[in-house]
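What follows is calculated from the coordinates using simple rules that are stated; it is not laboratory data. If you're wondering where the values come from, they're calculated on a predicted model, not measured in any experiment. A quick note on method: Cβ atoms are made from the backbone with ideal geometry, for glycine too, and the neighbour counts reach across all protein chains shown.
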Ligand SMILES: Nc1ncnc2c1ncn2[C@@H]1O[C@H](COP(=O)(O)OP(=O)(O)OP(=O)(O)O)[C@@H](O)[C@H]1O
Ligand code: SF4
Ligand SMILES: [Mg+2]
């Protein structure tokens, strides 16, 4: 398993380099202009100067190699300096965002907490509610619980979060006044009171996203359970005289979880991608919002860096999913 | 041996297992699949009752229903003096050690995420209070009994061959000292070369532990080899039940006759002289069984009455039961002579 | 930063009023990405920066220039602007200090110019420094800006939120190509304004605290500010008007009924201010008849009936501008009778008669001019029927307007055919397309236009003869009506030579009145900017000429 993992990681390197080039080319081909959003009163020659100052005058391969150097060499060196307090020296230019003129990696680090808190928590909550719902739905297939579960999943899956988001804001912020409609990213949890506030401001975005996540995962769990419930080995377990709980929770569930766990692992990069719409609706201003405003603003270095990091995460979690599969299912053996 | 006078260990009367069929948007109940439709049989202590029939006729369902792996639709099942037909699952659980099942598909019936020791040991944990070491001893003992090397204890099912897997299944079934085992085509999924080994193992074990088998198979020669008495099923019903030799010598029911006529004779001379009864048409769906005799759509002897009245399953000779309008005590000679000619000449 | 801390420590205790009103929450539905207005031309960045960085002079809510860091606004009259209109001399207020306690000097002013005009810096506001030949320090508090050409309006450099003064010490190493590397300075510029940055999260939120070195010891009333960005207009409006989480929301571009419903919750109010954006009807003085071929819609062929001033006047009189505002813009609009509605000093009152709809008057006017209704109710004279094609861009509000106006014109006996053209084509300026607003192959067209800043000189020059789009100019030019008047052209030329503000205002008004009274343009709605603030927030004076937050030092919490 270890050699397998290492081999996969090594293989990932050329893949990622290719991906970074493709992203770069695609972004370069896409019509986008970092000065497009400036007020019309700024004349074309000033715009041209701005573009030149951003380095857009250089040929594409220079810009790509520059990005590679900044991202693969300068950023890691900078990170080492920061973590260990070393002074490696040298004048290194980091990947700079065009919109903010500040290092992209700093922006990402700054936005990571709120995205992980809100989107990550919603994923955890989504999984935690999806699993029991999926299990019970499958075990009591076609019962009213299953019917309601199916309906709720359908709603959760098909109703977009910009609708549910605004709906809960209108109900819980405007009418009832229970929760803030705008997320405070500067809020620091220092004591019980501030912790309560943090919970309060997280409830709505987390609930909205969790509903969406849970809808997907519970369907998956249900299908996987149903697959296994009709397997012969389940009958064997019953014939052995095992308790029903053991039959369902030990035999059926453990086997059903294998594909579900890998699906959950594959979904993790989405957390880092942020939930663009939900972040926008609740003003969480995390990574998803960073990506979307960078796209809107034609901020290529930020878009490039973010998409590349997502690509890394996707590849990484694909590997995690595969390894998990191997760990969980004795029938799968790598090497 | 086949006329053992002792009270039957298993007694089944009027057993029905219907699976409801739902359809439409609201999943309304639109009918039933009558997988097992009113069967009665006894299995005596230490004997092997063979249950044969074509694929889909309801053998597995019958076997599972007898062990109450289903909640049955109707009928009564008494095992070792206890009526288990309506007993709730929790009480039933405590009776499970007495009655076990060996499944048709050794691969599918073993939990892929459990080791051999886990699979065999799990019922021991549940039903016996053994120390860890005692349990391990018992596992080894069982593995020895079915001819598995002890070193395999920590392996997973997928690491074994088909025959070995079936041995695991057998060891598992034996773990709790059962009296009665339903063997649901235990050899159907195996290579011919291994089939004999497993059958011999089952016979050995029967001898050693005084087991009673309900041996389900569609292989008539195998049943002839292992069974003491044989029941023939067609479309959810038992059409004939008789001691083995009698059944093979003088099959009374037209369906049994047709089945036996299809069994190849080892002797080529006799084989060439044999008359084959070819059945035409398809087996009707158990969801939509014909009125009257179940076999009437394909029976070469069917007459009008067959399409109106369901023949009664009755004893036509001592220990020989069948369900056909045209088999009676008095007609037995005629029917017997035909059957006899076919089977014995 | 250390300097700032030290300054806080040694500064005399602030007067009781500064910071006494606690915290104020501002929401912009677009988030600022930097605090350096020279690196971003976006309104959101300019306005966020205006809490910290200030210019020498800025515009008040009426578009009048007011001295800010300067003692006074230099003019030809007070000798601040030279007679040849080539130099302007600014003098800083006495005792000005940066938020770190150091003095503001003419070096900072000169540095700001250098910073923005560095060819490698990509300064978004370099337009403001056009034609500046040199900026020189006269003494510590005085600078002279020299232009390469005569500048009748020399108030580009250092005026308004776009061209503030930045601290030379902080940005010294950030000139040109190095500008983007100065992240700390760009995110936390040291300024002279009422607040200073405590935390800047790009494209998300900014935290400010009161500047303890602010020149007015009693201000600002608020101790801290949260400036949240992002989301959408409706959410920002909701946060101020419905939930009350925020005190101020910027730029509420919402449908009038949506905004009214939010405001009815009683938590806050909607405020509007008006700039120069006017929705107007342009009248084609030339004949757009396709039969004329290449000479269609050119000055060679006067319009068969719109060349009659009586008809043009009747068109204007028949329109109910109040109703248009109510239907289309609500608080974001108001009726106007001028094509130059603002700033205050340029606003004419000579044409206000148009405010009231006068259908009977219009009919009488047409009757008197000899246009009499025919059998089908459409007026005609000598075989010419008053039947017109009315075009505009595709846009729900504009189509509502078209329908209403068509009805009013029908009431006075003028037949109208409506047409709408996709905005990208209509405004696209493609000389090959017959559907551009410049080609004006219709009798009447409607759109909105405005000008940047407060000075109307180039805007009013739009209606010079030579600005008329023609085939020879590839249909470029802004004089859609193809208006041509020697008198008007003379006024334009005169304004280009006049430096005195009052004189300039007089000329601009004269031009506006000429266009209005000849009914070349029929102005409809003055479209403004709308913001919302909580009922407890006092001191808000909405300003379209400068940063909306220009007077945040005066904001306070109403008890
Ligand atoms: N759970 C179930 N739900 C609905 N129908 C079922 C169910 N189990 C079995 N059946 C149907 O009942 C009939 C009998 O099935 P069963 O498995 O008992 O046949 P079988 O005789 O064991 O066949 P084989 O020799 O192929 O194993 C078949 O038509 C099958 O489709
Ligand atoms: S009852 Fe009739 S149909 Fe049924 S087996 Fe006998 S002869 Fe055939
Ligand atoms: Mg079967």
Give the distance, in whole Å, between the Cα centre of region A:223-256 and the Cα centre of region C:404-418. 79
Translational D in µm²/s for region B:227-336 (Stokes-Einstein at 4 °C, 1.567 mPa s, Kirkwood Rh from C-alpha pairs): 88
Can you give the relative contact order of chain C as a percent, counting alpha carbon pairs under 8 Å and 6+ residues apart? 19
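Can you check how the C-alpha radius of gyration of region A:2-84 compares to 2.2 N^0.38 Å, as a plain ratio?
1.53
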Label-to-label distance, nm, for residues given as residue C:473 and residue C:411 (7 Å Cα→Cβ offset): 3.7
I need the calculated FRET efficiency for the pair residue A:27 and residue C:496, taking r as the beta carbon distance and R₀ as 41 Å, to the nearest 0.05. 0.35
Of the convex hull enclosing the alpha-carbon atoms of region A:258-311, the direction-averaged projected area in nm² is 4.0
Stokes-Einstein diffusion coefficient of region C:232-369, Kirkwood radius over Cα pairs, 10 °C, 1.306 mPa s, in µm²/s: 87
Take every Cα-Cα pair in region C:74-141 and report what % of them are more than 18 Å apart. 50
Across every pair of different alpha-carbon atoms, what Kirkwood hydrodynamic radius in Å does chain C reach? 25.7
For the protein assembly as shown, take the alpha-carbon Rg, divide it by the Kirkwood Rh, and send me Rg/Rh. 1.18
Report for the protein assembly as shown the percent antiparallel among DSSP-assigned beta bridges with both residues inside it, nearest 5. 70
Under 14 Å from a label point 7 Å along Cα→Cβ of residue C:435: give me every residue in region C:389-407 with its amide N that close. C:391-395
Helix A:75-84 sits at what angle to the longest principal axis of chain A, using alpha carbons and giving 0 to 90 degrees rounded to 10? 80
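Taking other Cβ within 10 Å of each residue's Cβ, how do B:72, B:278 sort, fewest first?
Fewest-to-most ranking of B:72, B:278: B:278, B:72.
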Taking max minus min of the Cα coordinates of region B:122-204 on each principal axis, largest first, gives extents in Å of 40, 29, 19
So what are the three principal axis dimensions of region A:237-335 from its Cα atoms, in whole Å, longest to shortest? 65, 38, 11
How big is the Cα convex hull of region C:19-78 in projection, averaged over all directions, in nm²? 6.4
per DSSP, antiparallel bridges as share of beta bridges in chain C, % nearest 5, sits at 75
How big is the Rg/Rh ratio for chain B, C-alpha atoms only, Rh by Kirkwood, two decimals? 0.99
Over all residues in C:203-210, what is the mean tally of Cβ atoms on other chains that come within 10 Å of each residue's Cβ? 5
If you take each beta carbon of peptide B:106-112 and count the beta carbons of other chains within 10 angstrom, what is the mean? 6
Nearest-0.05 FRET efficiency for residue C:134 and residue A:87, computed from C-beta distance (R0 41 Å): 0.45
Distance between region A:284-323 and region C:374-400 - C-alpha centres, whole angstrom: 55
Can you tell me the orientation of helix B:192-209 relative to chain B, as the angle in degrees between its alpha-carbon axis and the longest Cα principal axis, to the nearest 10? 70
With the convex hull built on the alpha-carbon atoms of chain A, volume per residue in Å³ sits at 201
Could you line up B:132, B:59 from fewest to most neighbouring Cβ atoms inside 10 Å? B:132, B:59
Where does each of C:422-429, C:297-304 land if you order them by average Cβ count within 10 Å, highest first? C:297-304, C:422-429
Before anything else, pin down the relative contact order of region A:38-166: Cα pairs under 8 Å, at least 6 apart, normalised by residue count, whole percent. 11
Distances longer than 23 Å among the Cα atoms of region B:153-285: what percent of all pairs is that? 45
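With a 10 Å radius around each residue's Cβ, average the other Cβ atoms per peptide and rank C:533-545, A:192-204, A:157-169, highest first.
Taking the mean over residues of other Cβ atoms within 10 Å, the ranking is C:533-545, A:157-169, A:192-204.
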Most packed first (mean Cβ within 10 Å per residue), the peptides B:317-324, C:187-194, A:43-50 order as C:187-194, B:317-324, A:43-50
At q = 0.13, 0.18 Å⁻¹, work out log10 I(q)/I(0) for region B:1-126 with the Debye formula, treating every Cα as an identical point scatterer and leaving solvent out; two decimals please. -0.68, -1.14
In nanometres, what is the gap between the two model label sites at residue A:142 and residue B:150, each 7 Å from Cα along Cα-to-Cβ? 5.0
Over the protein assembly as shown: helical MRE at 222 nm, DSSP H runs n ≥ 4 each giving -39500 (n - 2.57), nearest 500: -11500 deg cm²/dmol
1/(1 + (r/R0)^6) with r = Cβ-Cβ of residue B:219 and residue B:128, R0 = 45 Å, i.e. FRET efficiency to nearest 0.05, evaluates to 0.80
Round to the nearest 10 and give me the degree value, 0 to 90, for the angle of helix C:359-368's Cα axis relative to the longest principal axis of chain C. 50
Honestly region C:274-528 on the Cα gyration tensor test (a ≥ b ≥ c root eigenvalues; a/c under 1.5 rounded, otherwise a/b vs b/c for prolate or oblate) is just rounded
Here the whole-number average of other chain Cβ atoms within 10 Å per Cβ of A:93-104 is 6
Over the residues of region A:173-254, compute the C-alpha Rg and express it relative to 2.2 N^0.38 Å. 1.83
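More than 15 Å apart: what percent of Cα pairs in region C:369-438 qualify?
Within region C:369-438, distances greater than 15 Å cover 60 percent of Cα pairs.
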